[in-house]
Amino acid sequence: MNDASNSLKKEIIQYARLLEGKGLVNSLEGNLSILDRTAGELYITPSGTRKTFLTEDMIAVMKDGSQIGGTLKRSSEYLLHEAALRARPDCNAVVHAHAPYLTAYAYCNKSIAIRCSTTFGLIFGDIPCLPYGEPGTTHIADGIEDAMKEHELVLLANHGCVCVGKTMENAVSILEAAEEVLKIYMMAKTVGEISDIPTEQWEQLGNNHPGRKQTGHK
C-alpha cells in the first residue's frame, strides 16, 4: 500500500473518531469517505464498526463498484457517497451522519430555512431535505444531484444528512457548524420568540461580510 493510500486511511480514521466523540456518528450509524480521483478509488469506513476502534486495514477501498481492499465489508451506504461525489466533482470528501439536531428535521421531512443566525446565513442559506429513499439502495440518493449543485449539506428524509467538502476538514467543519447552530436554535426557542435578521440585511449578509466562508457553490 502506498503512502497516499495510508494517508487517506489515517485521515478518515482521525475524523471518524472525532465525530464519534461528538455523538454525530456511532457504531451503527454514519460513515465517511474520501475519493482519490486520480486512482479512481473510494476509501470508506466499514459497516457496523465502532469508529473509535478503526484501524487502517479496516478501511474499505472501492473501485468501479467493487471492494478491492480492506479487511471488513464496506459501508452499505457507499452508493450514497458515490452519488454525492458525482454531483460535486469539485469535492473529494463525504460525511454521512445522524447528527441529532439535523436528523430531527430529517425525521419531520422538513428543509431548514432559519433566518436568525449569521453563521447559518453565511454558510448555508438553507438546507434542503430530500424525499425518503431506502437505505443501502440507489434510491437513498434520489434528488441529490440537483440539491447538491447549490448545497454542501442536505438532509435525507427519515434518515440523516450527507455533507461534501473539498477536503474532509471542510466537510466535517460544515457539518459541525450546522449542528451547533440548530442546537442553539432549539435552545433559543425555549427562551422566547426567535428574532429573525431583517430581510434586507439577510440578503446582503453574504455579499458584505469580509469573513464569509467559501464552501463552493452558493
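Please treat every number below as a calculation from the coordinates, not as lab data. Just so it is clear, the structure is predicted and the values come from calculations on it, not from any experiment. Heads up, the Cβs are rebuilt from the backbone with ideal geometry, glycines too, and the neighbour counts pull from every protein chain shown.
Using every pair of separate Cα atoms, the Kirkwood estimate puts the hydrodynamic radius of region 140-208 at 14.4 angstrom. Stretching Asp64 away from Ser47 to a fully extended chain increases their span by 4.2 nm, per 0.36 nm per residue minus the current alpha-carbon distance.
Shape summary of the chain, radius of gyration then Dmax from alpha carbon positions: 17.3, 56 Å.
Given R0 = 41 Å, the distance between the Cβ atoms of Asp146 and Lys73 translates into a calculated FRET efficiency of 0.85. Here the 3J(HN,Hα) profile of region 99-111, calculated from phi with Karplus coefficients 6.51, -1.76 and 1.60 at θ = phi - 60°, is 4, x, 6, 5, 5, 4, 5, 4, 5, 8, 6, 10, 6 Hz, Gly and Pro shown as x. Taking a point 7 Å out from the Cα of Asn158 in the direction of its Cβ, the residues of region 128-148 whose backbone N falls within less than 18 Å of it are 129-144. Between Glu203 and Thr138, the modelled labels are 4.1 nm apart [label points 7 Å from Cα along Cα→Cβ]. For an R0 of 25 angstrom, estimate the FRET efficiency from the Cβ-Cβ distance between Asp57 and Thr167 and round to the nearest 0.05. Given R0 = 25 Å and the Cβ-Cβ separation, E is 0.60. Taking trypsin sites (Lys or Arg not before Pro) across region 64-109, the ones in a DSSP loop with at most 15 further Cβ atoms lying within 10 angstrom of their Cβ are Lys73. Backbone geometry of region 139-145 corresponds, through the Karplus equation with coefficients 6.51, -1.76 and 1.60 at θ = phi - 60°, to 3J(HN,Hα) couplings of 6, 5, 9, 4, x, 5, 5 Hz, x marking Gly and Pro.
Excluding Ala141 itself, what net charge comes from residues whose Cβ is under 13 Å from its Cβ, given Lys and Arg +1 and Asp and Glu -1? It would help to have the intermediate numbers written out before the result.
Details: positive: Arg86, Arg88; negative: Glu77, Glu82, Glu134, Asp142, Glu145, Asp146.
So the surrounding residues net to -4.
What percent antiparallel are the DSSP beta bridges of the chain, to the nearest 5? The partial results should precede the final answer.
Working: 25 of 27 bridges.
Roughly 95 percent of the beta bridges in the chain run antiparallel, per DSSP.
Karplus-based coupling profile of region 45-52, in residue order and whole Hz: 5, x, 6, x, 10, 4, 5, 4, with θ = phi - 60° in 6.51 cos²θ - 1.76 cosθ + 1.60 and x standing for Gly or Pro.
In the chain, the calculated helix contribution to ellipticity at 222 nm averages -11500 deg cm²/dmol per residue, counting -39,500 (n - 2.57) for every DSSP H run with n ≥ 4. The percentage of C-alpha pairs in region 66-152 whose separation is greater than 20 Å is 42%. In this rough spin-label picture, where each label sits 7 Å from Cα along the Cβ direction, the Ala4-Ser27 distance is 3.6 nm.
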